[in-house]
1. Residue check, A:GLU64 against (1) touching a residue at least 24 places away in the same chain (Cβ under 8 Å); (2) under 19 Å from A:PHE118 (Cα atoms), all met but one. Which one?
2. Need at least 3 residues that are buried (at least 18 other Cβ atoms within 10 Å of the Cβ) and more than 12 Å from DNA strand C (Cβ to nearest atom) per element, so show me which helices (runs of 4 or more DSSP H) inside segment B:1-78 make the cut, counting only ones lying wholly within it.
3. Among the residues of segment A:13-46 satisfying the criterion of being within 14 Å of chain B (Cβ to nearest Cβ) and not charged (D, E, K, R), which is nearest to DNA strand D (Cβ to nearest atom)?
4. Tell me, which residue of segment A:93-111 that is touching a residue at least 24 places away in the same chain (Cβ under 8 Å) and of a type in the set (Val, Ile, Thr) is surrounded by the most Cβ atoms within 10 Å (Cβ to Cβ)?
5. Which residue is nearest to the chain's Cα centre (by Cα), if the candidates are limited to segment B:47-100 and must be within 10 Å of DNA strand D (Cβ to nearest atom) and of a type in the set (Gly, Ala, Ser)?
6. If only one of A:LEU38, A:LEU15, A:LEU48 is in contact (Cβ under 8 Å) with a residue 24 or more places away in the chain and not hydroxyl-bearing (Ser, Thr, Tyr), which one is it?
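The values are calculated or read from the model by the stated rules, or taken from the named source; none is laboratory data. For clarity, every value in this text was computed on a predicted model and none was experimentally measured. All Cβ positions, glycine included, derive from the backbone under ideal geometry; neighbour counts span all protein chains shown.
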There are 2 protein chains.
Amino acid sequence: MSATITIKLNEKLFLRDPEQTELGKAIVKESIRLIDELGFEQFTFKKLAQQITSTEASVYRYFENKHKLLLYLVSWYWNWLDYRISYHTHNVTDAAERLQVFIKILAADPMKEPLTTFFDVEALARIVVLEASKAYLTKEVDNDNRAGLFRDYKSLCHKMALVVLEINPEYPYPHALVSTLFETTRKHLFFAQHLPSLTEVKLEQAGLTSLTSYLNHLAFSAIGTAVVNTQSKD
Amino acid sequence: MSATITIKLNEKLFLRDPEQTELGKAIVKESIRLIDELGFEQFTFKKLAQQITSTEASVYRYFENKHKLLLYLVSWYWNWLDYRISYHTHNVTDAAERLQVFIKILAADPMKEPLTTFFDVEALARIVVLEASKAYLTKEVDNDNRAGLFRDYKSLCHKMALVVLEINPEYPYPHALVSTLFETTRKHLFFAQHLPSLTEVKLEQAGLTSLTSYLNHLAFSAIGTAVVNTQSKD
DNA sequence: CTATTGATGATAGTATTGCTATTATTTCAA
DNA sequence: TTGAAATAATAGCAATACTATCATCAATAG
């Protein structure tokens, strides 16, 4: 059942919903390709418009500016992660096991995905590694936060924090630990590729076993429980 | 003994050494003030030149571009941290205790500092929190890395990794853990201030005890040793 | 005591960026 | 079929990220 789940994002992220029109989808699809190729700094609405043979003005009708577009893409990604995590854990009763599934998905382990998208999700995942921090590391954070633009990241974080508390109700840093896991995942994917002397994590295998191991180790030693030794069913 | 330790940075970070001239020092001092005030995106060499009543062209004679300037400032900061850590640990024999001093300094606990600077170090520390990630999260990382522009961060990381190994020679992720501690420190200082729902860390106290506690907890539970309960002597 | 070098300042210029505005054209729904 | 909405085409503007040229001034080397 390859359901087309519609990911519902905060309306303040865009001026016109890009999923509703062909042009909108072209903007999203091509912006992902271009940001992945050029990096966020070199990416401009003019270059994007050229690629989709449209105009800068048209792109501006969908997104206020490129920062909002980045926020849109990143939010979409967190929403997608949330969906995948729910999908793969909804019938896992043991909380520790659910946390492990969470980590496995975070670390980008390829799992059969029921959600098909009109754009390159792997490119988006690379964008999240390289650019996601820039979505909030600005002088505009507080305004953007008030506008609810980080809602998806925060709610996903909270959801996983509850799992941590289920494992150990006395654990004093559930949100901190989960956000650390999120940030650490991206940083170590990046380090493994570009600054390998900063980590023991290696990228060689598709399963990213060393990243998964490191994250499991960090999480479970902090929470104070041994890593559950269960093979997940997929 | 308030020694004026000269922090020696990679020469590729600048075109002309800013510490050698009055103009150079003015550039560094005022750029720290301006980046802290405006954020890195809104900061320009033109604005900087106006502040120091010099010209854009003169600034460009010291730094190739604003990205290199950021790299310079961030490298200076890591170097300064390195110096402080060495200073406060050189006669601490116990490795676990040295790691704790390291964490305490990382978390910006105010300690008597022997190094006096001609600019606002606290502003620089804020810049590191908000902007340091942008120094490497670019499409230019590999070039910058080849040019040795991350040398200071990497060597500091390695130094601390050796301390981790001294505590537990079997520990499989010393560099990963240390870089996680670095990144986590900055992220949680940021979260505590702007996205508090992502962390239990609070900023209220000068000593930042909650951040220090969280970092100690993360580090020592991962390494597999209890937190040493020693009051440091300062 | 020149003569030269090196650092700075003054000024100008250029391509690109990050928009906004106006008008024209197409589309498709009532 | 007509009218509203979406898009394209074009222009323009202030700011950014530089580069280049030339004049000035100070130190210092011969």
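1. (2)
2. Working: elements: B:22-38, B:45-51, B:56-60.
Fully inside segment B:1-78 and qualifying: B:22-38.
3. We begin by selecting, within segment A:13-46, every residue within 14 Å of chain B (Cβ to nearest Cβ); these are A:34-43.
If we keep only those that are not charged (D, E, K, R) as well, we get A:34-35, A:38-40, A:42-43.
Values: A:LEU34: 16, A:ILE35: 18, A:LEU38: 15, A:GLY39: 14, A:PHE40: 13, A:GLN42: 11, A:PHE43: 14 Å.
Out of the qualifying residues, it is A:GLN42.
4. Our first condition is that a residue be touching a residue at least 24 places away in the same chain (Cβ under 8 Å); within segment A:93-111, this holds for A:94-111.
This time we only want the ones that are of a type in the set (Val, Ile, Thr), so: A:101, A:103, A:105.
On the way: A:VAL101: 22, A:ILE103: 24, A:ILE105: 20.
Top of the filtered list is A:ILE103.
5. B:ALA49
6. Values: A:LEU38 fails: in contact (Cβ under 8 Å) with a residue 24 or more places away in the chain; A:LEU48 fails: in contact (Cβ under 8 Å) with a residue 24 or more places away in the chain.
The conditions single out A:LEU15.
Table: residues versus (1) at pLDDT below 95; (2) over 21 Å from the mean Cα position of the chain (by Cα); (3) closer than 25 Å to A:ASN79 by Cα.
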site: A:ILE167; (1), (2), (3): no, yes, yes
site: A:PRO172; (1), (2), (3): no, yes, no
site: A:ALA176; (1), (2), (3): no, no, yes
site: A:THR180; (1), (2), (3): no, no, yes
site: A:LYS187; (1), (2), (3): no, no, yes
site: A:GLN193; (1), (2), (3): no, no, no
site: A:TYR214; (1), (2), (3): no, no, yes
site: A:ALA222; (1), (2), (3): no, yes, no
